[in-house]
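Colleague: The following block contains the structure, expressed as structure tokens.
No lab work stands behind these numbers, since they all come straight from the coordinates. On a predicted model such as this, the values are computed, not experimentally measured, just so you know. Glycine also receives a Cβ, built like all others from the backbone with ideal geometry; neighbour counts cover every protein chain displayed.
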Amino acid sequence: MKKIAVFPGSFDPITIGHESIVKRGAKLFDEIIVAVGDNSTKQCMYSMEERYAQLEEVFKDTPNVRIDRYKSLTVEYCRKVNARYILRGLRTAADFEYERTIGVLNMTMESSLEIVFLISLPEYSAVSSTIVREIIKFGGNANPFLPKALHK
Ligand code: ADP
């Protein structure tokens with residue numbers, strides 16, 4: 001059976017930290033689906049279409065990565081696409097506490113799921129979509145934190 005992992009997130013916007021986790025994950029799984037969650041309670045800087053287009057541009061040359069969007073519980077989406085793994089990245093102990101809670105909930109809802117965590121490379125451990133949004137909002141240069149394909 002094909003090993004499919006879903007990498008869910010809001011990617012508002014995608015950063016070099018996300019890109020690194022997906023590319024490392026692509027070596028471990030047959031297929032990674034980078035799935036943009038359509039979470040209506042979250043106010044995003046970039047529209048779903050913009051985030052989707054950015055992801056397609058970044059991963060266009062990574063053959064076993066595809067982009068999708070979903071508007072349901074992550075576990076339901078995983079069932080729909082036959083994914084038995086959720087891939088997530090860990091930067092800090094705070095990430096771990098948050099991810100552990102979500103991971104336990106997801107595994108409780110779908111016992112066949114495994115949640116796989118990759119530890120962030122040290123050079124990316126301070127990178128977040130939140131800081132990139134702040135830099136852009138104040139007119140700074142966010143290139144050092146963005147995938148090369150999105151450099152302005
Ligand atoms: P969410 O909206 O679910 O928090 P994000 O788009 O912020 O999603 O992040 C998706 C995943 O990427 C999460 O597992 C998050 O911990 C991970 N991630 C975000 N930034 C980094 C980084 N710099 N290094 C490693 N993992 C990261």
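Colleague: Give me, ordered by chain and number, the residues 5 or more places off Ile86 or on other chains with an amide H under 5 Å from its own placed amide H.
Modeller: Val6, Glu114, Ile115, Val116
Colleague: Quickly estimate the mean residue ellipticity at 222 nm for the chain, helices only: each DSSP H run with n ≥ 4 gives -39500 (n - 2.57), and the total goes over all residues, rounded to 500.
Modeller: Values: 5 runs with 54 residues, N = 152.
Here the helix-only value at 222 nm equals -10500 deg cm²/dmol.
Colleague: For region 39-152, what does the alpha-carbon gyration tensor say about shape, rounded, prolate or oblate, given a ≥ b ≥ c as the root eigenvalues, a/c under 1.5 as rounded, and a/b over b/c as prolate? Before the final figure, lay out the partial values.
Modeller: Values: a/c = 1.74, a/b = 1.44, b/c = 1.21.
Prolate shape, in that a/c is at least 1.5 and a/b is the bigger ratio.
Colleague: Sort region 1-100 into rounded, prolate or oblate with this rule: let a ≥ b ≥ c be the square roots of the eigenvalues of the Cα gyration tensor; rounded if a/c is under 1.5, and if a/c is not under 1.5, prolate when a/b is larger than b/c, oblate otherwise.
Modeller: On the way: a/c = 1.21, a/b = 1.13, b/c = 1.07.
Note, shape of region 1-100 comes out rounded.
Colleague: While we're on this one: Show me, for region 115-131, the HN-Hα J-couplings you get by feeding each phi into the Karplus relation (A = 6.51, B = -1.76, C = 1.60, θ = phi - 60°), rounded to Hz, glycine and proline as x.
Modeller: 9, 10, 10, 10, 6, 4, 5, x, 5, 10, 6, 9, 8, 8, 4, 4, 5
Colleague: With Cβ to Cβ distances under 10 Å as the rule, what net charge do the other residues near Pro13 carry (K, R +1; D, E -1)? Kindly include the intermediate steps, with their values, before the conclusion.
Modeller: Numbers: positive: Arg51, Arg133; negative: Asp12, Glu50.
Surrounding charge for Pro13 is 0.
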